[in-house]
Structure formats: structure tokens, C-alpha cells
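J.: Dropping the structure in here first, questions after.
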Amino acid sequence: MKCGLTAAHRQTLVQFSKFSVVGGCGFVIDYALVHAFIFFLQLAPVWAGLFSYPFTVTFTWAGNRFFTFHDSDHEAFAQQLMKFATVCAVGLVFNRGTYALVVTQLPQDLTHPFGLSLLDLPTLGLIAGTAMGMFFNFFAAKKLVFK
């Protein structure tokens, strides 16, 4: 029985899977930085999320350049990083906008019904923001950055 997916669709699914792996690693870095900035620098969650973002973008660009889209034509590092950062800046509206809504609009006690919780508001915000930005960033990066 044939699956019905074209070679181009299969390639997109493989790339999306790799993009998700890179994004998952980027999420771990983002999570660690956000919580480090909150704990060590005493930043408010929204500021911590904004300050962690450039580090995460640089990491995910490198991962996508060398892993997800390794067979694509590549521009010079700086030029391609700038294009990726521009795409991610638009994705930032989806990502950090959702993050900010979660950490500022959800009730604090929503995630702490029994005391400590691994899913505090900054973590929930990161998860929701990552989901919102992921699809936009993948298709924009595929079409505009890693052609």
C-alpha cells in the first residue's frame, strides 16, 4: 500500500522533524537561561525571556544550518544568520507574545495547586510560545533562509 506522500512532502516531514529536534534543544537552552536570569539576576520573567532569546536564536540557526538544512545552498555565515534572525524576529511576535500573555495574564496559583510544580508560569509560557512560533519559523526559514 502506498503512503501517498510525494518525495517533496517526505523531505519536508524529515526537515520538520529535524527542525523540531533543534528547536527542542533550543528550548532546553532557553529554559535554562530564562530561569538563570530570573534566579541569579532577579529579572522579571518577561525580561528574562527577552534576554534569553538572542542566545537561543544563534544556537538554533547553527543547528538548522548544519543539521536540518545541511544539504541546502548556504550563504555566508553572517548573512544567513541575519536572515534567520529576521525570520525569528517575526516569529518572536508569536513566541514571546504568547509567553508574555501566559506569564502576565494567567493566575499565579493556576500552576501551583499543591505547592511546587515543574510547570510554573515561565515554563508554561515557554512551551506555549515555542509552539506558536515553531510552525511560522519552520516554513519561513525553509522558504526564505535555507532555500
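Only the coordinates and a few stated rules stand behind these numbers; no lab work does. Fair warning: this is a prediction, and the values are worked out from it, not measured in the lab. Cβ atoms come from the backbone with ideal geometry, glycine included; neighbour counts cover every protein chain shown.
J.: Pop a pseudo-label 7 angstrom from the Cα along the beta-carbon direction at both ALA36 and GLN108 and give the gap in nm to one decimal.
T.: 2.6
J.: Dipole of the chain (Lys/Arg Cβ +1, Asp/Glu Cβ -1, origin at the Cα centre): which of PRO45, THR58, PHE146 lies farthest to the positive side?
T.: The one lying farthest along the dipole's positive direction is PHE146.
J.: While we're on this one: What ranking of LYS147, LYS83 emerges when the number of other C-beta atoms within 10 Å of each C-beta is taken as an exposure proxy, fewest first?
T.: Working: LYS147 12, LYS83 18.
Starting with the residue having the fewest Cβ neighbours, the order is LYS147, LYS83.
J.: Moving on to the next point. Any chance you could list the semi-axes, whole Å, largest first, of the equivalent ellipsoid that the Cα gyration tensor gives for region 7-145, using √(5λ)?
T.: Values: eigenvalues 175, 50, 30 Å².
Calculated on Cα positions only, the semi-axes equal 30, 16, 12 Å.
J.: Right, next: For the chain, what is the number of Lys pairs with C-alpha distance below 18 angstrom, counting only pairs 8 or more positions apart or on separate chains?
T.: 6
J.: How far apart, in nm, are two points set 7 Å out from the Cα along the Cα-to-Cβ line at HIS74 and at THR12?
T.: Output for this residue pair reads 2.5 nm.
J.: What is the dipole size for region 7-145, taken about its Cα centre, with +1 at each Lys and Arg Cβ and -1 at each Asp and Glu Cβ, in debye to the nearest 20? Kindly include the intermediate steps, with their values, before the conclusion.
T.: Values: 7 positive and 6 negative charges, 70 e Å.
With Lys and Arg at +1 and Asp and Glu at -1, about 340 debye.
J.: Going 7 Å from the Cα of ALA85 toward and past its Cβ, which residues in region 30-55 have a backbone nitrogen under 13 Å from where you end up?
T.: 53-55
J.: Same structure again: Between the helical axis of 45-63 and the dominant principal axis of the chain, each derived from Cα atoms, what acute angle in degrees is found, rounded to the nearest 10?
T.: 20
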